[in-house]
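**Q** Dumping the structure here so I can ask a few things about it.
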């Protein structure tokens, strides 16, 4: 009986003997390619994704902003034919939104004939698809207009479109004539309302 117990205790140890007898398995070196065989291709790094570049304003937009930037003092007259009154206006133009827009802020001087001065904002951008400038104006009477113009030729820029004035929709146009780098003449019309101004900076 005692012999049986000894055998049972030793049996687990005996079971491990084949593994020890086998020893550590030998490391096999990878087979060498036969002489004259082409070398395997070198490992290549995955291609890096292209770097994203920030969009830039169109050249036409940069040139327009350069010419318009600054504070302009305008004098002229506005109103319906035969009822036009004197008008003095200050306009501040400058590039905004990383140069993709040129924004103008208009402020008319108050006077006896003008108890409610005109105020407005104009936003101009360049549409690369149609190759022309686009412009939207808003004023302090709830009026607005949308116009387009090609790049100025011969010192002129012709804006055409439509707008809403005093609740009525109407065709609108404006011509800007460049006299020098610091002087322009402006004439426009929306419905029966007209404006004529000389602006200097």
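The values are calculated or read from the model by the stated rules, or taken from the named source; none is laboratory data. Just so it is clear, the model here is predicted, and its values are computed rather than measured. With ideal geometry, Cβ positions are generated from the backbone for all residues, glycine too; neighbour counts draw on all protein chains shown.
**Q** Look at residue 151 and say whether it is under 27 Å from the mean Cα position of the chain (by Cα), surrounded by fewer than 18 Cβ atoms within 10 Å (Cβ to Cβ) and touching a residue at least 24 places away in the same chain (Cβ under 8 Å).
**A** In short, yes.
**Q** Quick test for you: out of 113, 108, pick the one residue that is over 18 Å from the mean Cα position of the chain (by Cα) and touching a residue at least 24 places away in the same chain (Cβ under 8 Å).
**A** From the options 113, 108, the qualifying one is 113.
**Q** Among 86, 117, which is the only one that is touching a strand residue (DSSP E or B) at 6+ places or on another chain (Cβ under 6 Å), surrounded by fewer than 17 Cβ atoms within 10 Å (Cβ to Cβ) and part of a loop (DSSP other than H, G, I, E, B)?
**A** Only one candidate qualifies: 117.
**Q** Considering 82, 99, 104, which residue is modelled with pLDDT of 95 or more and at positive phi?
**A** 99
**Q** Sticking with this structure for a sec: Quick check on my filter: what residues within the stretch 103-114 are in a strand (DSSP E or B) and surrounded by fewer than 15 Cβ atoms within 10 Å (Cβ to Cβ)?
**A** The answer is 105, 111.
**Q** Looking at the stretch 154-181 only, could you name the residues that are over 28 Å from the mean Cα position of the chain (by Cα) and loosely packed, with under 14 Cβ neighbours inside 10 Å?
**A** Listed by number, the residues that qualify are 154, 166, 167, 168, 169, 171, 179, 180.
**Q** Just checking, does the stretch 57-71 include any residue being on the phi > 0 side of the Ramachandran plot, modelled with pLDDT of 90 or more, out of contact with any helix residue (DSSP H, G or I) (no Cβ under 9 Å at 6 or more places or on another chain) and surrounded by fewer than 17 Cβ atoms within 10 Å (Cβ to Cβ)?
**A** The answer is yes, given that some residue of the stretch 57-71 is on the phi > 0 side of the Ramachandran plot, modelled with pLDDT of 90 or more, out of contact with any helix residue (DSSP H, G or I) (no Cβ under 9 Å at 6 or more places or on another chain) and surrounded by fewer than 17 Cβ atoms within 10 Å (Cβ to Cβ).
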